[in-house]
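What follows is calculated from the coordinates using simple rules that are stated; it is not laboratory data. Predicted model, so just to flag it, every value in this text is computed and none were measured. Every residue, glycine among them, receives a Cβ derived from its backbone with ideal geometry; neighbour counts consider all protein chains shown.
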Amino acid sequence: MLRARSLRVCYGRVPAVHDVSLSVDAGQIVAVVGANGAGKSTVLRALAGLNRLDAGAIELDGRRVDGLRADQRVPLGISLVPEGRHLFPRLSVQRNLELGAFTRHDRAEVAASLERVVEIFPFLKDRRQQAAGTLSGGEQQMVAIARGLMSRPRLLLLDEPSWGIAPMLVARIFETIAAINRSGVAILLVEQNVKRALSVAHRATVIQTGRVVAEGAAGELLRSDLVRQAYLGL
C-alpha cells in the first residue's frame with residue numbers, strides 16, 4: 001500500500017532523516033521504533049505531507065504522492081494522529097470529530113462514520129458535547145484517534161499514542177489500535193514504548209540518528225540483541 005524510498009528530510013541545513021526506506025502492506029501494523037530524536041516523527045510527518053522531502057519518494061498504491069499537499073493526501077486514504085493529540089480544547093468532542101472529516105462532502109456518510117467511531121470508543125457517547133480540553137489525557141488520545149478515523153483512512157499514521165497517558169490506560173490504547181487494524185485499516189505506528197509497539201505490530205523498523213539500523217518481523221526484533229539491549233534494558 002505505502003512505499004517510502006530513500007527519504008531525506010532536513011531542518012534548515014541540518015539533516016534529521018537520512019536515506020530511510022520503509023513499506024506498509026494492506027492490513028498490516030508496522031512499527032517504527034527508536035530513541036528520542038531518532039527521526040521517527042519526522043518520517044511520519046513527511047509521509048503525511050507536513051515535512052518537505054529533500055530527497056526520496058513516497059508512493060501510495062504505486063502512485064507518487066510526495067508532490068501532494070497534506071490535505072490532498074487525506075482523501076487518498078492517509079490520516080495522521082499527531083504526537084501530543086493537538087485537539088481544539090475549547091471545542092466540543094463532537095466538533096473535534098467532525099473536523100476530522102473536513103475533506104469529505106458526503107454528510108450522511110460522515111454522520112455514519114461518527115456513529116462508527118462511537119462504537120469503537122463507547123465513552124464518547126455521553127461526552128459529545130463536553131469540551132475536549134476537559135477530558136483526561138487518555139480520553140483525549142482516544143478522541144484524537146477517533147478524529148483520525150473520521151476521514152475514513154486506509155492507512156492511519158499514529159505518532160506516540162501512549163505519550164502522556166496514565167500507565168493503566170496504555171493497554172487500552174493498544175487494544176484499540178489492534179481492533180482498528182482488524183477492521184481493515186493499515187497502521188504505521190511510531191512509539192517509544194518499544195515492547196508495546198512490537199507486541200502489536202506485524203513488522204517493524206528501528207531508526208537510530210535518522211537511519212534505519214534494523215527491520216523485519218516484529219517478534220524477531222523483540223527478541224533481537226539490538227532491541228533488548230538498546231531499548232528494553234536487557
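Observations on the structure shown:
- In units of the rule-of-thumb radius 2.2 N^0.38 Å, the stretch 160-234 shows an alpha carbon radius of gyration of 1.11.
- The simple Förster model, with R0 at 30 Å and r as the Cβ-Cβ distance, assigns Ser92 and Ala55 a FRET efficiency of 0.10.
- For the chain, the longest site-free run once trypsin sites (Lys or Arg not before Pro) in DSSP loop states with at most 14 other Cβ atoms within 10 Å are removed: 129-222
- Remark: the stretch 97-168 carries a charge dipole of roughly 160 debye about the Cα centre, counting +1 on each Lys and Arg Cβ and -1 on each Asp and Glu Cβ.
- Here the label points at Ala111 and Val170, each 7 Å from Cα along the C-beta direction, are separated by 4.1 nm in the simple model.
- Stretching the chain fully between Leu76 and Arg128 yields a gain of 16.0 nm (0.36 nm per residue, less the alpha carbon separation).
- Over the stretch 88-188, the Kirkwood radius and the radius of gyration, each from Cα atoms, give a ratio Rg/Rh of 0.94.
- For the chain, the antiparallel share of DSSP beta bridges with both residues in that region comes to about 55%.
- The modelled label-to-label distance between Ala26 and Gln229, using points 7 Å beyond Cα along the C-beta direction, is 4.1 nm.
- Karplus-derived HN-Hα couplings along the stretch 148-156 (A = 6.51, B = -1.76, C = 1.60, θ = phi - 60°), whole Hz, x at Gly and Pro: x, 6, 5, 8, 6, x, 8, 10, 9
- Residue-wise HN-Hα couplings along the stretch 44-52, as the Karplus relation 6.51 cos²θ - 1.76 cosθ + 1.60 with θ = phi - 60° gives them from phi, are 4, 5, 5, 5, 7, x, 8, 10, 6 Hz; Gly and Pro carry x.
- Between the amide H of Arg211 and those of His18, distances stay under 5 Å, these residues lying 5 or more places away or on another chain, with hydrogens modeled in the peptide plane.
- Dipole orientation for the chain: of the candidates His105, Pro122, Gly39, His105 has the Cα lying most toward the positive pole (charges on Cβ; Lys, Arg +1; Asp, Glu -1).
- Value of [θ]222 nm, deg cm²/dmol, for the chain, DSSP H segments ≥ 4, -39500 (n - 2.57) each, nearest 500: -10000 deg cm²/dmol
- One chain, two ends: Ser136 and Arg3. Fully extended at 0.36 nm per residue, the span grows by 44.3 nm beyond their Cα-Cα distance.
- Size-normalised alpha-carbon gyration radius of the chain, reference 2.2 N^0.38 Å: 0.98
- Placing unit charges on the Cβ atoms only, positive for Lys and Arg and negative for Asp and Glu, gives the stretch 42-106 a dipole magnitude near 200 debye about its Cα centre.
- Hz values of 3J(HN,Hα) by residue in the stretch 214-228 - Karplus curve (6.51, -1.76, 1.60), Gly and Pro given as x: 6, 7, x, 4, 4, x, 5, 5, 4, 8, 6, 4, 4, 6, 5
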